[in-house]
1. State the answer as a single residue: which of B:Ala137, B:Gly199, B:Leu159 lies farthest towards the positive end of the charge dipole of the stretch B:114-251, with beta carbon charges of +1 for Lys and Arg and -1 for Asp and Glu, about the Cα centre.
2. Ordered by packing density, taken as the mean number of other Cβ atoms within 10 Å over each peptide's residues, highest first, how do A:70-80, A:52-62 rank?
3. Which semi-axis lengths, in whole Å and largest first, follow from the square roots of five times the eigenvalues of the Cα gyration tensor of the stretch A:170-274?
4. Which one, B:Gln108, B:Leu82, A:Ala499, projects farthest toward the positive side of the charge dipole computed for the protein assembly as shown from Cβ point charges (K/R +1, D/E -1)?
5. Given a 1.4 Å probe and no ligands, DNA or RNA in the count, how much accessible surface is buried by A and B, both sides, to the nearest 100 Å²?
6. Run the numbers on chain A and let me know its relative contact order in percent, using alpha-carbon pairs under 8 Å that are six or more apart.
7. For an R0 of 35 angstrom, estimate the FRET efficiency from the Cβ-Cβ distance between A:Asn439 and A:Glu89 and round to the nearest 0.05.
8. For the stretch A:177-193, what does the Karplus curve 6.51 cos²θ - 1.76 cosθ + 1.60, with θ = phi - 60°, yield as ³J(HN,Hα) per residue in whole Hz, taken in order and with x for Gly and Pro?
Amino acid sequence: MASFESVDVKEGVDQETIDAVREVGGAYKYGWETDIEMEYAPKGLDAAIVKLISEKNNEPEWMTDWRLKAFNRWEKIKEPKWSMVNYPEINFQDQYYYARPKSMAEKPKSLDEVDPKLLATYDKLGIPLKEQMLLAGVEANEEVEKGERKVAVDAVFDSVSVGTTFQKELKNAGVIFCSISEAIREHPELVKKYLGSVVPITDNYYATLNSAVFSDGSFVYIPPGVRCPMELSTYFRINAENTGQFERTLIIADKGSYVSYLEGCTAPKRDTAQLHAAVVEIIVEEDAEVKYSTVQNWFPGDEDGNGGIYNFVTKRADCRGYRSKVMWTQVETGSAVTWKYPSCILRGEESQGEFYSIAITNNHQQADTGTKMVHLGKNSKSRIVSKGISAGFAQNTYRGLVSMHPRAKSSRNYTQCDSLLIGDKCGAHTVPYIEVKNNSSRVEHEATTSKVDDDQLFYCRQRGMDEEEAVALVVNGFCKDVLQALPMEFAMEAQQLVAISLEGSVG
Amino acid sequence: MLNIKDLRVNLEDENKEILKGVDLTVDAGKVHAIMGPNGSGKSTLSYVLSGKEGYEVTHGSIVLNDSDILEMEPEERAAAGLFLAFQYPVEIPGVGNMTFLRTAVNAQRKARGEKEISATDFLKQVRERASSLQIDAEMLKRPVNVGFSGGEKKRNEILQMAMLEPKMCILDETDSGLDVDAMKLVAKGVNSLRDNGRGFLVITHYQRLLDHIKPDVVHIMADGKIVKSGGPELALEVENNGYSDILSEVA
Ligand SMILES: Nc1ncnc2c1ncn2[C@@H]1O[C@H](COP(=O)(O)OP(=O)(O)OP(=O)(O)O)[C@@H](O)[C@H]1O
Ligand SMILES: [Mg+2]
């Protein structure tokens, strides 16, 4: 008989969810704020603010010029209106574009020098900024064996990176992992070569805005043939009020390298909305592979739809060589408005793009999210699995493009797009765009929409689970395919989130 | 143990009366069987007992071990020891059978103010009880009831019952769709749970099951009422002559 122990390990993930959900109880658990002295750039946006941000980051002139070019363009273009999200006009002059804790004026030389208030913030968020905890000799090894792998963290607080862990160890492996502001100063040749090469400053309204005002973010370079020895992650925390967060992430996986990168984000509860417009660019060279996982848990707004983060994000990976491979996995549970389409340019022959997504909207949240798979290379492959869950008064749209160019002969796409509705006041929409410009490629698209089944819930309740626990279990089951694509640590967090973000959706 | 008095139930949507005055008492340690023609209200009774939505109780009472359960949520009734083996077990895609079981066990324990079961104890119990029902490891890994054959689903219900150790077990046609060997397994499963503290209400159409699970009392339900009760011989009478004699006798 096969071993039951192995069953337990695999199944353990769901169980963690249920346990955690029981313990958590309250809804958004990251809604507290850190009381810390901040310095701001003056409110509003003009060329002087752009220059100020550049100056605060001690940037070289080429970078300042790049930002100004973006700003000039941004002034001339208009916000896009094609997505299925409604929100009040954003007054771009009525917010701050730069906010940094006073204690970060001098960049700390090591994590020990970081303001204890900031360390405490990340501690409370459950993000380890102390390497020692995982590195203490024998204990560390045991932890690793228990499956607690090492994760290096770049912690971004409002507009600045607070610190990056495991930098030395990574450096020994040849990996560069630092904040983007540091990379601009320390590795200008790499930044110059790649920044804007996947998402040009002209790309779209929010990407252009980001190019002008991004303050920090993460930078990753994996040299040829190197398998990054640990997971890398960036944790974004918005704390300051009336402040936009504009982070910029640049990941370069050189030939034959591999990296798994995680991104997490939270923000305090506030009754006014806040803007977040990020850009992520990934360059994947021949035979390299990048996994990029996001658990997006920005404050979603309250039950009546007040406040929350407006999340306008441009994420794109460029698979440049033979067999380049990228996998996006996202769990989108937060934000009042989400506008996000992590995409893959499949330029290399036999390159591969995958997109796994869970988007949960409850109360008055709106999400318009999906992906673009642009097949340029021969025999390229892509796979899209999207699970949208709507509850309350929420609207959830999957919007996806699959494009097979004339050169992309014998390429394949498979798309599966499932929507689940909880209650009858929410909506799910699927908007697929398919273009095939050669006759040897194949595109498959499957879509389903269903309601949470009362019989399933009754079955769970008859066995003793309360209604919320039953919904969490059924929805986690619905999302299983995507949850399995996440790294272990994230899978657990994501499962808990699935449950928590659906609180109050039934009964 | 279970005390049902003059229970009258309407369908919520249609204002149609389905149960028309059911009286039934199951004492601890006893096995009661309910037989009756299709559509007579047997499953409806089991749903109303377990608290499914869609039914309106217009009259009567249901008491389980001194508590009036009509006011309780389905999960509270479950925690109080009521278990229903469904006539049509539900599939839950993506949720592993083991996870489901453990979640259920712990939910009930928590509701009763008990400690969660440890992973080791849980595994040990599942392993034992699954193997006596000839449910293999593969089936435990699969999502709840998804792709299970009719007979596998029914055995899975009994496994859940064995894990939850309820006080009052209602089995709705657990025998239908079972082959002869599976029926014996299920009967063995039920018999091994028989004890002084536990009551059973076994809904069935066939004497065959009752050969293996010997009932103390047999009831005949027709048109929303229990029209006749008796000993095991009543089931044999149904098996041999159908319902027409009994029904005309009580009419
Ligand atoms: N939700 C419903 N809507 C309409 N009619 C219903 C509903 N539920 C039950 N009924 C009706 O109530 C009556 C009793 O049904 P029930 O399922 O309880 O019968 P049963 O005795 O279990 O039958 P069987 O032996 O076929 O399982 C039937 O006439 C059935 O059609
Ligand atoms: Mg029935």
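The values are calculated or read from the model by the stated rules, or taken from the named source; none is laboratory data. The structure displayed is predicted, hence computed values, not measured ones. Note that each Cβ is placed from the backbone with ideal geometry, even for glycine, and that neighbours are counted across all protein chains shown. Ligands, DNA and RNA are excluded from the accessible area calculation, which covers all protein heavy atoms including side chains. Shrake-Rupley method; radii C 1.70, N 1.55, O 1.52, S 1.80 Å.
1. Among B:Ala137, B:Gly199, B:Leu159, the one farthest towards the positive end of the dipole of the stretch B:114-251 is B:Ala137.
2. So the order, starting with the most tightly packed, is A:52-62, A:70-80.
3. Details: eigenvalues 145, 61, 26 Å².
Rounded to whole Å, the semi-axes are 27, 17, 11.
4. Checking the options against the dipole of the protein assembly as shown, the answer is A:Ala499.
5. Roughly 3400 Å² of accessible surface disappears when A and B pair.
6. Reported as a whole number, the value is 11 percent.
7. My answer for the efficiency is 0.15.
8. 9, 7, 6, 5, 5, 5, 5, 4, 7, 8, 10, x, 5, 5, 5, 4, 5
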